[in-house]
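S.K.: First, the structure itself, so that you have it in front of you.
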């Protein structure tokens, strides 16, 4: 299917350079980056002077403060990471790419012929 005009088209395999398919998202990575950013933000807030105006008011921040910022950052990071898909390359340079198997599958069309070559590494 053509992603520009959303219509199905027939294309010769010789004209195809790359095929990628979506496989998962960056949800976990986003959550980890978000948690780290939230924890760092909590530390930076806690390190700042509690009384910038000189009113003699001190704030006590417990573990809940750090847990809240870390969890909040993880949630925001997970939401952002889930918006971006991971892509798995399945065909490149005239060859199909095996999916973590010791099998090399090659597909070639030339001169109105259909050739499949399977190589197994032992």
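S.K.: Could you rank the peptides 70-81, 38-49 by their average count of other C-beta atoms within 10 Å per residue, with the highest value first?
M.R.: Per-residue mean Cβ counts within 10 Å order the peptides as 70-81, 38-49.
S.K.: Compute the label zone of residue 23 within region 74-91: residues whose backbone N is under 18 Å from the point 7 Å along Cα-to-Cβ.
M.R.: In region 74-91, the label zone of residue 23 (backbone N under 18 Å from the point 7 Å along Cα→Cβ) covers 84-91.
S.K.: Quick check: residue separation of residue 2 and residue 84 times 0.36 nm, minus the Cα distance between them. What number comes out in nm?
M.R.: Result for the pair: 27.5 nm of gain on full extension.
Values quoted throughout were computed directly from the atomic coordinates according to the rules given, and no laboratory measurement underlies them. Nothing here was measured: the structure is a model prediction, and the numbers come from that model. A quick note on method: Cβ atoms are made from the backbone with ideal geometry, for glycine too, and the neighbour counts reach across all protein chains shown.
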